[in-house]
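The values are calculated or read from the model by the stated rules, or taken from the named source; none is laboratory data. Since the model is a prediction, treat every value here as computed from it, not as a measurement. Glycine also receives a Cβ, built like all others from the backbone with ideal geometry; neighbour counts cover every protein chain displayed. Note: accessible area is taken over every heavy atom of the protein model, side chains too, but ligands, DNA and RNA are not part of it. Shrake-Rupley method; radii C 1.70, N 1.55, O 1.52, S 1.80 Å.
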Amino acid sequence: MSRRNKVYEGKAKVLFEGPEPGTLVQYFKDDATAHNNKKRGIITGKGVLNNRISEYIMTRLNEIGIPTHFVRRLNMREQLIKEVEIIPIEVIVRAVAAGSLSKRLGIPEGTPLPRSIVEYCYKSDELDDPLVSEEHITAFGWATTQDLDDILSLALRVNDFLSGLFFGIGIRLVDFKLEFGRLYVGEESRIVVADEISPDSARLWDMVTGEKMDKDRFRRDLGKVEEGYQEVARRLGILPESGPRDLKGPKVMQ
Ligand code: C5P
């Protein structure tokens, strides 16, 4: 890891001061945690794959006019990002029942939901990221009503884009988590997509076999964890071995 000044260290990533004011370097670790840190492990090569996968997705989002913090990938494990003020809310978008929703509401995993459902959780390790409502978010000043309007509209646009992208490569996007930040430009600020989008933060199931290709393989001790992440990268046409000049883009499944 580099000797730059560390700004923040999370469970799966480290942030360093960037080369210019207003930028940071985001380093992707192989560390994996689950069940609020009670389960810890290393998924060899995960950082490299998540760096690539998140780069790919954030670049496409920027291209279609969905603003993100992503600037460019620097190397195998690092990317340059814009410094933002993180909004302390995790935004979860669900198409299919799974995970905590299935548990909370007793809906069997795999049940398609009648429409996309958006949930908000307050980012707090001590409290286990509790589910909160828009009322809590605005009353406690974590975000304004205007911020929430922007967040919801961006989250739904990301959902539309991601579900199509993954559908095209034979993957069912079951759910995913987004984080948002406030990007200050002079006196003005705008909401942008931040953090990462990867198999750490999304449930991705093979459309034909239903096989899981995401962090649930680690959370639930299903084995072949690296292979799951690799398969997502392979289908997106961005396996690191292929090198930056060989990027072929997503491989459309018949
Ligand atoms: O656990 P739950 O069912 O609420 O997770 C919903 C989605 O959000 C999953 O794709 C999971 O990977 C993601 N998530 C996350 N970080 C968290 C909680 C959930 O990336 N702290």
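Near K215, which lysines are there with a Cα under 23 Å away, not counting those fewer than 8 places off in the same chain?
Within the straight-line limit of under 23 Å, K215 reaches these lysines: K11, K13, K29, K38, K39, K46, K103, K123, K177, K224, K251.
At most 11 other Cβ atoms within 10 Å and a DSSP loop assignment: could you name the GluC sites (Glu not before Pro) in the stretch 103-135 that fit?
E126
Take every Cα pair under 8 Å in the chain that's 6+ residues apart, average their separations, divide by the length, and report that relative contact order as a whole percent. Can you show the working numbers first?
Numbers: 460 pairs, mean separation 44.2, N = 254.
In percent, rounded to a whole number, it is 17.
Pick out, from S124, A98, G168, the residue whose Cα sits farthest towards the positive end of the charge dipole of the stretch 54-201, with +1 on the Cβ of Lys and Arg and -1 on the Cβ of Asp and Glu.
Positive-end residue among those listed: G168.
For the chain, what is the calculated [θ] at 222 nm in deg cm²/dmol (nearest 500), taking -39500 (n - 2.57) for each run of four or more DSSP H residues and dividing by its residue count?
That calculation yields -8500 deg cm²/dmol at 222 nm.
Please calculate how many Å² of accessible area the chain carries per residue, with a 1.4 Å probe and no DNA, RNA or ligand atoms counted. If you can, show how the numbers build up before the last one.
Working: 12730 Å² over 254 residues.
Ligands and nucleic acids excluded, the figure is 50 Å² per residue.
For the chain, what % of the accessible area comes from carbon and sulfur atoms, probe 1.4 Å?
Percent of accessible area from carbon and sulfur atoms in the chain: 52.
Which helices, taking whole DSSP H runs in the chain, have alpha carbons extending 15 angstrom or more along the helix axis plus mean Kyte-Doolittle at least 0.5?
Result, helices passing both filters: 145-168.
Ratio of alpha-carbon Rg to the 2.2 N^0.38 Å globular estimate for the chain, to two decimals, please.
0.97
Compute the distribution of all C-alpha to C-alpha distances in the stretch 106-189, in bins of 10 Å from 0, and list the percent of pairs in each, rounded to whole numbers.
Using 10 Å bins, I get a P(r) of 13, 39, 33, 13, 2 for the stretch 106-189.
How far, in nm, would the chain grow between E211 and N5 when pulled straight, counting 0.36 nm per residue and subtracting the alpha carbon separation? Don't skip to the answer; put the middle values down first.
Details: separation 206, 0.36 × 206 = 74.16 nm, distance 4.05 nm.
Using 0.36 nm per residue and subtracting the Cα-Cα distance, I get 70.1 nm.
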